[in-house]
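Engineer: Following this message is one structure expressed as structure tokens.
The values are calculated or read from the model by the stated rules, or taken from the named source; none is laboratory data. The structure presented is a predicted model; accordingly, all values stated were derived computationally and were not measured. Cβ coordinates were reconstructed from backbone atoms using ideal geometry, including for glycine residues, and neighbour counts include every protein chain displayed. To get the accessible areas, we keep the full protein, side chains included, count just its heavy atoms, and leave off ligands, DNA and RNA. Shrake-Rupley method; radii C 1.70, N 1.55, O 1.52, S 1.80 Å.
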Amino acid sequence: IHKCKKTASVGGTAKVVNVLKKYSYGKMDIIVHGQDRFQIGEVFEEKAYLEANITFLDDVYTPSSQKIEKLADQLRKVYVDMLKMSEQTLKINSIERLDLKTLSFLAGFHDIMSLPEKQELLECRYLEERLATGLEAMKKMALIVKKNKKIDDLVMRNGHMPVRLTKGK
């Protein structure tokens, strides 16, 4: 069992959408959908589990709608291009339908960000900043996918470089 050194002051509620596997000792593999972010207030440690007073967090909005839409469009494009490279085209329609808030947390779903970076993304209350952070993370992830695709292609050719024939040579 992994134990954190410190409990983060911001967390999120989640809805269980699928139970993939139940183990005999009580553990479960689950898929959740994140819902609302909260700030932890007073913590109560009287029981075997922690309880706390919380305050739900909303975004602080001072965005330029043009800038937000531009960032969102760029983030969607990078993500869709990456999905196409990795041949996961079934997910493309769902990405294009994501609302701005959900889209702004998309990079946090992937391992391209470290746990502290993911926590920072969760704590960020500015939509524009989250979209910009997500865009940069997705660009990095797209580069990794592109490099891996090249390696996979090379492996499929058993290490042989493609021979290009040109006219007249």
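Engineer: Of all the residues that make up region 33-73, how many are within 19 Å of Tyr126 (Cβ to Cβ), outside any loop (DSSP other than H, G, I, E, B) and at pLDDT below 90?
Structural biologist: Going through region 33-73 one residue at a time, the tally reaches 4.
Engineer: Give just the number: which of (1) under 26 Å from Lys140 (Cα atoms); (2) in a loop (DSSP other than H, G, I, E, B); (3) touching a residue at least 40 places away in the same chain (Cβ under 8 Å) does Leu98 not satisfy?
Structural biologist: (3)
Engineer: While we're on this one: Looking only at region 79-103, filter to residues that are hydroxyl-bearing (Ser, Thr, Tyr) and modelled with pLDDT of 85 or more; which one of those is most open to solvent (accessible area, probe 1.4 Å)?
Structural biologist: Thr102
Engineer: If you don't mind, there's one more thing I want to ask. Quick one: Ile40 ticks every box in (1) over 30 Å from Ile144 (Cβ atoms); (2) β-branched (Val, Ile, Thr); (3) touching a helix residue (DSSP H, G or I) at 6+ places or on another chain (Cβ under 6 Å) except a single one, so which number is it?
Structural biologist: The number of the failed condition is (3).
Engineer: Okay, moving on. Return a yes/no flag: does region 11-19 have any residue that is under 20 Å from the mean Cα position of the chain (by Cα), closer than 21 Å to Lys140 by Cα, at pLDDT 85 or above and surrounded by 13 or more Cβ atoms within 10 Å (Cβ to Cβ).
Structural biologist: No, every residue in region 11-19 fails to be under 20 Å from the mean Cα position of the chain (by Cα), closer than 21 Å to Lys140 by Cα, at pLDDT 85 or above and surrounded by 13 or more Cβ atoms within 10 Å (Cβ to Cβ).
Engineer: Out of everything in region 104-121 that is modelled with pLDDT of 90 or more and touching a helix residue (DSSP H, G or I) at 6+ places or on another chain (Cβ under 7 Å), what residue ends up being farthest from Ile40 (Cα to Cα)?
Structural biologist: Per the stated criteria, the residue is Ser104.
Engineer: Assess whether Leu115 counts as being open to solvent by 50 Å² or more (accessible area, probe 1.4 Å) and under 30 Å from Lys6 (Cβ atoms).
Structural biologist: So Leu115 fits the description; yes.
Engineer: Contact list please: Cβ distance under 8 Å, first residue in region 65-84 and free of Cβ contacts under 8 Å to residues at least 24 places away in the same chain, second residue surrounded by fewer than 18 Cβ atoms within 10 Å (Cβ to Cβ) and of a type in the set (Asp, Glu), pairs at least six apart or on different chains.
Structural biologist: Qualifying pairs under 8 Å: Val80/Glu96.
Engineer: Out of Ala132, Ala137, I need the residue that is in contact with a His (Cβ under 8 Å, 6 or more places away or on another chain) and modelled with pLDDT of 90 or more. Which one?
Structural biologist: Just one listed residue meets the conditions, Ala137.
Engineer: Right, another one. Of everything in region 67-78, what is surrounded by fewer than 18 Cβ atoms within 10 Å (Cβ to Cβ) and among the basic types (Lys, Arg)? Give them in sequence order.
Structural biologist: Within region 67-78, Lys67, Lys70, Lys77 qualify.
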